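Working notes for the structure below.
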Amino acid sequence: MRRSRTLPLGIDIGAARTRVALVERDHAGVANLVAVAARETAGDAAAAIASAREELQTHERRCVLALGSCDAHLRTSTFPGMRGAERVRAARYDAAPFLGFPASDAVVRVVPIEGDRCVVGVARRAELVRRVDAARAAGLRPIAVDDAALALTRVFPQAGAIVDVGERATQLVLANRPVPVCRAFGGGGAALTAAVVASLGVDEVAAEARKRSIGLAGAGEYARDALVEQLASALVEHRSRARTELDGIVMVGNGARLSGLAEALERAVALTVRLGALEPDVSCSLPPDVVRAAAPDWALAYGLARWAEAA
């Protein structure tokens with residue numbers, strides 16, 4: 001009988017927390033989420049990764065990292081009659097207006113998919129290097145840097161849209177083939193905490209504790225409403241352009257649990273909004289209630305660990 005085989009570790013380096021997912025494939029080829037370890041990033045991603053890996057007690061050194069839409073851009077383009085190097089130069093030029101960073105700081109990859117049509121990936125070199133260096137400093141061997149949107153759609157293939165509420169930004173991922181459409185907004189968890197500080201005049205620690213325990217509850221709700229308005233506008237625009245209805249919205253990220261956020265977005269867009277939930281059989285190692293409660297926080301790391309299935 002074949003033994004279980006460990007997949008490359010999925011590593012989600014967030015501004016506040018770093019998560020490392022360990023997934024194994026059993027003798028029948030079925031993937032099993034063994035565990036996810038999380039640590040405060042605290043400005044030292046390498047130390048956070050090393051500590052999380054130690055908790056997982058794994059010898060696996062291969063890993064897959066991610067870049068979000070603030071630092072990477074995916075789109076499709078057509079390059080008729082061009083060779084590889086020419087495609088890359090043309091892709092860099094075409095992508096420049098869509099980037100939030102200088103084209104000179106961009107790493108460009110072009111992957112043909114059919115005929116002259118290609119998928120173009122553009123990443124901010126500094127952020128790419130920072131993540132790879134952190135993993136290597138933790139003793140790991142990065143084998144890929146995935147796009148966060150692709151990793152999330154791998155976990156929630158039926159979702160019409162995914163909202164990832166991070167510490168510094170919120171990412172909207174809209175289902176689309178062959179690559180999803182992404183929009184990034186500045187209103188993340190830190191902005192919501194700052195709104196509580198401004199409303200009540202308390203310090204950041206007290207504001208964060210209040211936000212996590214009872215939500216905004218009348219303090220700083222203008223920040224939540226502004227984020228909801230941005231998301232709703234982007235969703236309305238997408239629905240009008242795509243001329244199709246969305247099947248529903250999945251919310252992930254640590255900030256997705258903010259009391260009242262999902263309900264406010266659901267009212268604004270008249271679509272079902274739910275917290276991300278992993279499939280019931282995703283893990284035979286962890287209690288179902290633990291997987292259910294942690295799913296919004298673990299989704300990206302888990303999707304990265306499943307990267308090989310789409311490679």
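The values are calculated or read from the model by the stated rules, or taken from the named source; none is laboratory data. It should be emphasised that the depicted structure is a prediction, and the values quoted were computed from it without experimental measurement. Cβ sites come from the backbone with ideal geometry, for glycine too, and all protein chains shown count toward neighbours.
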Problem set entry | Selection status of residue 179, surrounded by fewer than 22 Cβ atoms within 10 Å (Cβ to Cβ), among the aliphatic types (A, V, I, L, M), in contact with a Ser or Thr (Cβ under 8 Å, 6 or more places away or on another chain) and within 22 Å of residue 242 (Cα to Cα) | yes
Exercise. Which one of these does residue 63 not meet: (1) within 19 Å of residue 139 (Cβ to Cβ); (2) surrounded by fewer than 19 Cβ atoms within 10 Å (Cβ to Cβ)?
Worked result: (2)
For this session: State yes or no: is residue 63 under 26 Å from residue 113 (Cα atoms), in a loop (DSSP other than H, G, I, E, B) and either in contact with a Pro (Cβ under 9 Å, 6 or more places away or on another chain) or not aliphatic (A, V, I, L, M) (or both)?
Result: no
Exercise. Any residue in the range 181-197 that is in contact with a helix residue (DSSP H, G or I) (Cβ under 7 Å, 6 or more places away or on another chain) and in a loop (DSSP other than H, G, I, E, B)?
Worked result: yes
For this session: Could you identify the single residue in 181, 155, 145, 132 that is of a type in the set (Val, Ile, Thr) and under 19 Å from residue 296 (Cβ atoms)?
Result: 155
For this session: Report yes if some residue within the range 77-84 is within 23 Å of residue 180 (Cα to Cα), outside the structural domain of residue 297 (by TED's automatic domain parsing), buried (at least 16 other Cβ atoms within 10 Å of the Cβ) and in contact with a helix residue (DSSP H, G or I) (Cβ under 6 Å, 6 or more places away or on another chain); otherwise report no.
Result: yes
Exercise. Regarding residue 36, is this residue assigned by TED's automatic domain parsing to the domain that holds residue 147 and over 16 Å from residue 134 (Cα atoms)?
Worked result: yes
For this session: Identify the residue in the range 1-16 that is charged (D, E, K, R) and modelled with pLDDT under 95 and, among all such residues, is surrounded by the most Cβ atoms within 10 Å (Cβ to Cβ).
Result: 5
Exercise. Is the range 35-56 home to any residue that is under 30 Å from residue 188 (Cα atoms), in contact with a strand residue (DSSP E or B) (Cβ under 7 Å, 6 or more places away or on another chain) and exposed (fewer than 13 other Cβ atoms within 10 Å of the Cβ)?
Worked result: no
